[in-house]
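The values are calculated or read from the model by the stated rules, or taken from the named source; none is laboratory data. It should be emphasised that the depicted structure is a prediction, and the values quoted were computed from it without experimental measurement. Cβ placement follows ideal geometry from the backbone for every residue including glycine, while neighbour counts extend to all protein chains displayed. The accessibility values were calculated without ligands, DNA or RNA, using every heavy atom of the protein model including side chains. Shrake-Rupley method; radii C 1.70, N 1.55, O 1.52, S 1.80 Å.
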Amino acid sequence: MRSAQKTVLKMEKVNKIYEGDPPFQALFDINLEIHEGEIISIIGPSGSGKSTLLHLLGCLDKPTSGEIYVGGSQVSKMNDDQLAFTRRETIGFVFQAFNLAPTLNVFKNVELPLVIKGVPPAERKPVVDRLLEVVGLTDKRASMTTKISGGQKQRVAVARSLVNNPKILLADEPTGNLDSKSSDDVINFILKLCQERGITVIFVTHDPRIAAHTERQIRIMDGKIESDIYSRNTKRRDLR
Amino acid sequence: MKDLEILELAVNSIRYRSLRSWLAILGVVIGVASIISLISISTGLQTQISNQLGGLGANVITITSGGGQAQRGGFGPPDANTRVSKPLTFKDADALRHISGVDKLDARLSGRATVTYHNKNSSLTVTGTEPNAFLQSANVQIAEGRSLRASDTNVAVVGYSVINRTFKADLLNKPILIDGMPFRVVGVLNASGATFGGSDNAVFIPQKTAMNLFNQTVNASSIVIVSAATSTPNATATALTNELLTLHHVTNDTQDFTVTTAASIQGTISSAISSLGLFLGIIASISLIVGGIGVANAMFTSVLEQTKYIGILKSLGATNGEVLRLFIFESGLVGLVGGLLGALLSFGASMLISNFGLPTQITPDLLFIGLGFSVIIGVVSGVLPARNAAMVAPVEALRYE
Ligand SMILES: Nc1ncnc2c1ncn2[C@@H]1O[C@H](COP(=O)(O)OP(=O)(O)O)[C@@H](O)[C@H]1O
Ligand SMILES: [Mg+2]
């Protein structure tokens with residue numbers, strides 16, 4: 001019974017027009033409801049508006065019209081600081097380009113969200129250490145992020161996105177820059193950690209293999225939702 | 001985020017700054033170095049001159065004839081009531097002797113005279129002084145021999161240079177002639193080293209003998225008073241002035257004598273040097289402002305280079321205010337580093353300036369001011385770029401490559 005589940009993200013008639021000459025409408029009247037604990041993939045061709053959608057859900061950008069609710073709060077009513085607090089408390093991001101801080105080492109990158117949140121140093125260390133162990137990077141903790149492989153970078157990013165225990169993890173083509181072995185590792189870490197903690201996950205992906213492992217697939221085409229399918233026979237186990 | 005942790009992030013950013021943005025802090029380095037070394041010149045001059053003025057003695061007050069601008073405290077045109085310069089007299093001196101605040105009084109009579117030793121002549125200033133006041137009023141010490149005594153007549157005490165430069169002979173206990181009158185040298189003074197009010201080139205003889213020598217028993221050349229410890233030189237000077245105004249039947253405006261204290265001379269010279277210091281300071285400030293523009297430029301570069309990082313921080317939930325502080329701290333730190341390097345450089349620069357003969361002195365205050373200035377310049381010039389950084393929309397920042 002889906003309707004009994006708690007809604008964590010909701011979009012109502014959301015439009016996004018990028019200003020410019022000429023202006024470009026990337027999303028058209030999007031209605032969407034996402035429930036607690038769902039593992040979702042958003043698929044669609046390049047330029048169809050997937051990233052735009054994810055940025056709006058993650059409070060990184062504002063819609064031109066329509067309403068977005070994150071955990072029941074109306075995003076349009078929030079000021080910049082409240083948006084920042086929402087990002088730090090409830091949302092984790094993983095990007096295709098890793099987006100690690102080049103001036104910080106592996107440990108400090110994973111620790112960064114806790115620093116921003118104001119968690120005392122003594123409490124930060126065990127949390128970071130444990131996550132680094134889970135993603136198998138304990139021995140790289142002191143390395144600069146420019147000195148490790150792509151797969152390792154994305155594992156750092158995954159650890160960082162989850163260190164704050166977010167309610168929602170948004171991953172924008174997390175394996176887009178990785179070979180297949182590293183891709184599998186990264187996806188497995190995300191699935192394992194998020195299912196353990198009941199975190200809602202939204203993957204934006206081109207990879208049908210990843211989509212096959214999600215219970216709900218949303219297909220976007222030219223800024224509109226073309227289909228939104230719940231698959232019954234989702235393989236909810238490791239990729240291999 | 002706590003400020004301390006923002007500061008830590010700022011330190012981290014600075015460590016990985018590009019060479020280009022480091023080069024821009026050269027402006028601050030040079031600005032601070034020039035501020036410190038230029039001001040060190042005026043501090044050095046100040047110190048040097050107050051050392052030289054030390055020869056005057058802090059509690060010594062000198063009265064000379066002629067209207068004094070020092071008393072009027074200005075450089076205005078002379079009064080229309082032409083001041084007929086009325087000389088100071090020994091009678092004046094006697095009237096002043098008992099004023100409260102006067103410890104010793106020395107009514108002097110001096111003039112140029114030809115001093116002869118063996119066959120060598122030299123024109124020197126010969127001063128008739130009251131033996132009991134002499135050492136204090138002239139602020140000198142005896143190096144060899146003895147001072148003048150009240151019972152002395154044709155004896156002289158000579159300055160250090162008279163022996164070591166003028167005659168290059170040990171005159172102690174030797175006979176000399178002053179304008180043909182025979183004297184015996186009984187004492188030699190310590191070198192004073194002072195440029196102003198120095199005694200090194202002088203010859204001192206008893207006042208009474210000088211009256212004979214110069215054939216003058218009425219008018220004194222100057223009256224020198226040693227202020228008592230129970231009074232201040234200024235208070236004593238005021239009392240002396242008031243008494244003399246009455247004696248001479250003049251007012252402040254028609255005053256025909258000048259009362260000078262060591263402090264008033266020092267004050268006049270100090271304020272001239274201060275103006276010089278201010279002028280040098282302004283020049284140096286201009287170069288620091290130019291340096292500040294350099295920092296601002298470096299910060300704009302730094303913000304641009306770190307746009308992606310700003311996006312990352314924001315995606316992780318950093319607020320605009322936290323990003324703003326991060327960049328302000330960064331520019332403040334750049335200012336501090338530039339200031340420290342500039343301070344180091346200023347030591348070298350002031351040593352170089354000293355070699356050219358200008359005295360320099362770098363005080364802790366000066367270093368502190370230089371550093372404070374550079375931090376402020378850093379922060380101020382970082383505000384605008386930091387504001388830009390803080391206002392970038394997260395998506396835009398993340399898209400930046
Ligand atoms: N900042 C922007 N300004 C103008 N157009 C944009 C901007 N960002 C994205 N677009 C356009 O919006 C469309 C959707 O982009 P995006 O959401 O990134 O697509 P996807 O992630 O599905 O590839 C694309 O045509 C893209 O060119
Ligand atoms: Mg995309």
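Take the Kirkwood radius over Cα pairs of region B:108-220, plug it into Stokes-Einstein at 37 °C and 0.692 mPa s, and you get 240 µm²/s for translational diffusion. Note that the protein assembly as shown carries a Kirkwood radius of 32.2 Å, evaluated over its alpha carbons pair by pair. What you get for region A:2-230, charging only the Cβ of Lys and Arg (+1) and of Asp and Glu (-1), is a dipole of about 640 debye around the Cα centre. If R₀ is 35 angstrom, what is the calculated FRET efficiency for the pair residue B:50 and residue B:11, using the beta carbon separation as r and rounding to 0.05? My answer for the efficiency is 0.20. Its DSSP H runs of at least 4 residues, each contributing -39,500 (n - 2.57), put the calculated 222 nm mean residue ellipticity of chain A at -10000 deg cm²/dmol, to the nearest 500. As a ratio to 2.2 N^0.38 Å, the alpha-carbon radius of gyration for region A:2-230 is 1.00.
Residue separation of residue B:154 and residue B:252 scaled by 0.36 nm, minus their Cα-Cα distance, works out to 31.2 nm of gained length. Put a plus charge on the Cβ of each Lys and Arg, a minus charge on the Cβ of each Asp and Glu, and nothing anywhere else: the dipole of chain B about its Cα centre is then about 600 debye.
Can you give me the accessible area per residue for the protein assembly as shown, using a 1.4 Å probe, in Å²?
On the way: 29470 Å² over 641 residues.
On a per-residue basis, 46 Å².
In chain B, a dipole from Cβ-located charges (positive for Lys and Arg, negative for Asp and Glu) runs towards its positive end, and of B:30, B:95, B:134 it is B:134 whose Cα lies farthest in that direction. The residue among B:339, B:350, A:169 whose Cα reaches farthest toward the positive pole of the charge dipole of the protein assembly as shown, with charges on the beta-carbon of Lys, Arg, Asp and Glu, is A:169.
Among A:119, A:75, A:128, the residue with the largest mean-square fluctuation in a Gaussian network model of chain A, with springs joining Cα atoms closer than 10 Å, is A:119. Note on residue B:238 and residue A:209: their simple-model spin labels are 9.9 nm apart, each label 7 Å out from Cα toward Cβ. Placing R0 at 22 angstrom, the Cβ-Cβ distance between residue B:211 and residue B:164 gives a FRET efficiency of 0.15 after rounding to 0.05.
Using a Förster distance of 30 angstrom, determine the FRET efficiency expected from the C-beta separation of residue B:290 and residue B:363, and round it to 0.05.
0.75
One compactness figure for chain B is 1.52, namely its Cα radius of gyration divided by 2.2 N^0.38 Å. Our helix-only sum for chain B, with -39,500 (n - 2.57) per DSSP H run of n ≥ 4 divided by its residues, gives a mean residue ellipticity at 222 nm of -17000 deg cm²/dmol.
Antiparallel DSSP bridges in region B:108-220: what percent, to the nearest 5? The antiparallel proportion sits near 70 percent.
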